[in-house]
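The values are calculated or read from the model by the stated rules, or taken from the named source; none is laboratory data. Note that the structure is a prediction, hence the values are computed from the model and not measured. Please note: Cβ atoms are built from the backbone with ideal geometry, for glycine as well, and neighbour counts cover all protein chains shown. Calculation scope for accessible area: heavy atoms of the full protein, side chains included, ligands and nucleic acids excluded. Shrake-Rupley method; radii C 1.70, N 1.55, O 1.52, S 1.80 Å.
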Amino acid sequence: MRSRAIAGKKSWVHHFEEERWLYLTGLFGFLLAGICAVWVLLFGGEVAPRGDVSKAISFNAALGIFLLSTAAIMPFAAMGKRSKVFFRITYIILVLYSYGAETVQNFRGVNPRFVHNGTIFDKTVGNIFAFVALMLVLSYLFLAVHYFRRKAYVRRPEIVVGIRYAMAATVISFAAGVWISVNQGRFTGLEGNIIWLHGLGFHALQAVPIVAWLTEYTSLKSTVRRTMVHITGIAYVLGLIAIGVLTWNGHSVLEWSALQVVAIVSFLVSITAGAWVLGQSVTELRRAYKGYGFEGLISMMK
């Protein structure tokens, strides 16, 4: 196990303490999703005339995962203390409003994003929700820029490269979200469904940085580690682009076509690269366990 991978790094406990409010806000999304899930099981999802509590389940859970992922990569941003505080406070406020609007309005029987024949209150909530969505995008772009600074790269090359690809995928997802808003719904063309592009892009925040993090716990050369991160990230983004073009043309992602094949192959390449890195890291950890004992293994994972 490379000593560089375990020397001079903050523990994940410290990371949690530093971004505890982002983590807690993300977990709050799961709590709301759980409450909504219980309601749906007892009373069903639809609430007249246009509410659907089941949609609040997926929204709150997805936003919660997104915030937890953001909190996990925050320590690797080349941001000053004031910038971090500004982003943290701004995003928490925006996310809390989003939780509230999505949950409360669906319970009230109102579609929070696309209000039809609603009251002045409902229209105001919807308009503010649209503004909040825009601010969520702009605030995240503010965060994303900091990962493209050399200062961030020098600190943790592999992880930052992985985060850069994740940020590119996130931008695509945000664009898909704007597309849904302008389109007044997720469906486009004959069978296109924008939600696939919107959702898969955000999952890059978990997939690519995790692969990059695992490379640090291998004995691979630095060039090989970065190559594997590049392969994982490029393949993932290419898969998203293929799905985006497919959706733009109004086709279903489940419909066999050349673009679907490109998307499938791209994601398979990304998954395969990640699985190979995982295998390498597991091998190294087994060696570390034999050589250093359980306490040594735990210290290496910090």
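Quick look at the numbers
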quantity: Which listed residue is open to solvent by 50 Å² or more (accessible area, probe 1.4 Å) and farther than 21 Å from Thr188 by Cα, from Leu268, Leu259; calculated: Leu268
quantity: Every pair of residues 6+ apart whose Cβ atoms lie under 6 Å, when the first sits in the range 146-172 and is basic (Lys, Arg) while the second is crowded, with 17+ Cβ neighbours inside 10 Å and modelled with pLDDT under 95; calculated: Arg149/Ala78; Lys151/Ala78; Arg156/Phe76
quantity: Within the range 166-193, tally of residues that are among the hydroxyl-bearing types (Ser, Thr, Tyr), in a helix (DSSP H, G or I) and farther than 16 Å from Thr70 by Cβ; calculated: 1
quantity: Yes/no for Ile163 being buried (at least 20 other Cβ atoms within 10 Å of the Cβ), more than 14 Å from the chain's Cα centre (by Cα) and not acidic (Asp, Glu); calculated: no
quantity: Considering residues of the range 271-299 that are buried (at least 18 other Cβ atoms within 10 Å of the Cβ) and either of a type outside the set (S, T, N, Q) or not in a helix (DSSP H, G or I) (or both) only, the residue modelled with the lowest pLDDT; calculated: Ala288
quantity: Some residue of the range 108-119 being surrounded by fewer than 20 Cβ atoms within 10 Å (Cβ to Cβ), of a type outside the set (Ser, Thr, Tyr) and part of a helix (DSSP H, G or I); calculated: no
quantity: Qualifying residues in the range 43-64 (those that are in contact with a strand residue (DSSP E or B) (Cβ under 7 Å, 6 or more places away or on another chain) and open to solvent by less than 60 Å² (accessible area, probe 1.4 Å)) - the one modelled with the lowest pLDDT; calculated: Gly45
quantity: Close pairs from the range 14-28: first part of a loop (DSSP other than H, G, I, E, B), partner at pLDDT 80 or above, Cβ under 6 Å, at least 6 apart; calculated: Glu19/Ala71; Glu19/Met74
quantity: Evaluation of Gly185 against (1) crowded, with 22+ Cβ neighbours inside 10 Å; (2) closer than 25 Å to Ala61 by Cβ (one fails), failing number; calculated: (1)
